[in-house]
Ligand SMILES: Nc1ncnc2c1ncn2[C@@H]1O[C@H](COP(=O)(O)OP(=O)(O)OP(=O)(O)O)[C@@H](O)[C@H]1O
Ligand SMILES: [Mg+2]
């Protein structure tokens, strides 16, 4: 149940309880006031009847015993002698006298003779009565007044209380719903901001800039929550900035280090080559050692180049967009691969018309070469490799799928999640001796991401497919603006 509904329900329940108590209290009070008023009148009526009986002649009281002057309509009077009724009559609403039936007289005879008022149910037309029984000489005089006025006014009050209570409750619930909605609106804004922040990927330090809760009045509870929330967002932003700074420093260090390593590596390689060329009278093992120095420095140079490229891609540099003919690029790469691995059957599957995407030709060439090289070098001879290009979708959502498929032994499923990490190799000892570093797919991933695309892999023995999706349009700016929009639309 929402907080809003619960608050409204509690308020209405309280209002119901209070109105019930007030209504019931008024009704009980009214009933008791009315009854004591009747008891007072009964006292006077009894006095009048007693006086009238005492003034009777020797024949005793007659039917008009109920009508000494001043008795009201409804007054009943009965005169008992030795437990038997002598006469009993009642004044009806028209003021006429009526004789009491024996069914009415019987309960009157049982009333305690103590001069106090008692309630008796006489049934029939008369209903409930307040009666007193008092001794008059040897006889007992019973006088009664109807309770009907009490019941009538209590009934009327009940109706009034019910109607007023229902109306007041309706009004109270409407007002409560409005007031609760209004006072919870700032909380809604905090919640909306929180969920907008939760949806925002914290990949850049500026994604939370300008994302703040507007309700920060420290006098209100919600304002305090909002202030704390904003402060927390500030801390997160600062932490993101610190993270970005340290990542930047690491990237800078890798870029600088690889850059600085290039020159000495070139010298090592150059001198090794020179020595080999001079050759001639050098001992055989020195020639071998120089050859190893040369080949290892070539390998190290390519590793250093890869590291430098990754560092620059991380910085968001190194990609110059232009129209790139992917078809030509694929054909070149496949021809090179043919020459390098004649034992592999390499096929292309591209549309007749050239497939063109916006991108960096050199980097995309590297993507194709890395994937095809993997399919050649990590599979046994005789493996069939197919490089395909498929235009997918149209307009801004469209693009091109580049697939490199081989029917080699496949990739260990446990290794697949780590495939695109830097220096990740399925079998490091074997691969290292074969001259691989595990940077190839990391570069593929970084280049494709810099193009706003994605790379996926599915692999089972006999069928391994790398799919690179490249969008038909250049990736634009997003991030912070998106989060701000989300918050703005929420509030
Ligand atoms: N087509 C494939 N078939 C089987 N295994 C593969 C395939 N492609 C990649 N792999 C596995 O993934 C690992 C990582 O590939 P990646 O291209 O990143 O590095 P590498 O080829 O080992 O080294 P580098 O490309 O830097 O010279 C490889 O070592 C290999 O074990
Ligand atoms: Mg590779």
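Any read-out appearing in this document is the output of simple, stated calculations on the displayed coordinates, not a laboratory observation. Everything quoted here is computed from the prediction, not taken from an experiment. Heads up, the Cβs are rebuilt from the backbone with ideal geometry, glycines too, and the neighbour counts pull from every protein chain shown.
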(request) Take 256, 215 and order them by how many other Cβ atoms sit within 10 Å, fewest up front. (result) 256, 215
(request) Round to the nearest 10 and give me the degree value, 0 to 90, for the angle of helix 326-340's Cα axis relative to the longest principal axis of the chain. (result) 50
(message) On the Cα set of segment 322-456, report Rg and Dmax in Å, please.
(response) 15.0, 46
(request) Mind giving me the nanometre distance, one decimal, between the label points for residue 262 and residue 422, set 7 Å out from Cα along Cα→Cβ? (result) 1.7
(request) Pop the C-beta distance of residue 325 and residue 465 into the FRET formula with R0 = 22 Å and round what comes out to the nearest 0.05. (result) 0.40
(request) Mind pulling the angle between the C-alpha long axis of helix 361-377 and the longest principal axis of the chain? Nearest 10 degrees, somewhere in 0 to 90. (result) 80
(request) Can you figure out the FRET efficiency of residue 396 with residue 9, using R₀ = 60 Å and their beta-carbon distance, to the nearest 0.05? (result) 0.75
(message) Given R₀ = 25 Å, what would the calculated FRET efficiency be for residue 86 paired with residue 121, taking r from the Cβ atoms and rounding to 0.05?
(response) 0.60
(message) If you scale each eigenvalue of the Cα gyration tensor by 5 and take the root, what three semi-axes come out for segment 3-154, rounded to whole angstrom and sorted largest first?
(response) 43, 14, 13
(request) Starting from the Cα gyration tensor of the chain, multiply each eigenvalue by 5, take the square root, and state the resulting semi-axes largest first in whole Å. (result) 113, 24, 20
(request) Compute the long axis of helix 440-450 from its Cα atoms, compare it with the longest principal axis of the Cα atoms of the chain, and write down the angle in degrees, 0 to 90, nearest 10. (result) 60
(message) At a 10 Å Cβ-Cβ cut-off, how would you order 305, 381, fewest neighbours first?
(response) 381, 305
(request) Give me the distance in nm between label points sitting 7 Å out from Cα along the Cα-to-Cβ direction at residue 252 and residue 156, one decimal. (result) 9.3
(request) Kindly put 290, 303, 1 in sequence by how many other C-beta atoms sit within 10 Å of each C-beta, fewest to most. (result) 1, 303, 290
(request) Would you calculate the separation in nanometres between label points at residue 300 and residue 242, each defined as 7 Å from the Cα along the Cα-to-beta-carbon direction? (result) 3.7
(request) Output the Cα-based Rg and Dmax of segment 319-367 in Å, rounding Rg to one decimal and Dmax to a whole number. (result) 12.0, 36
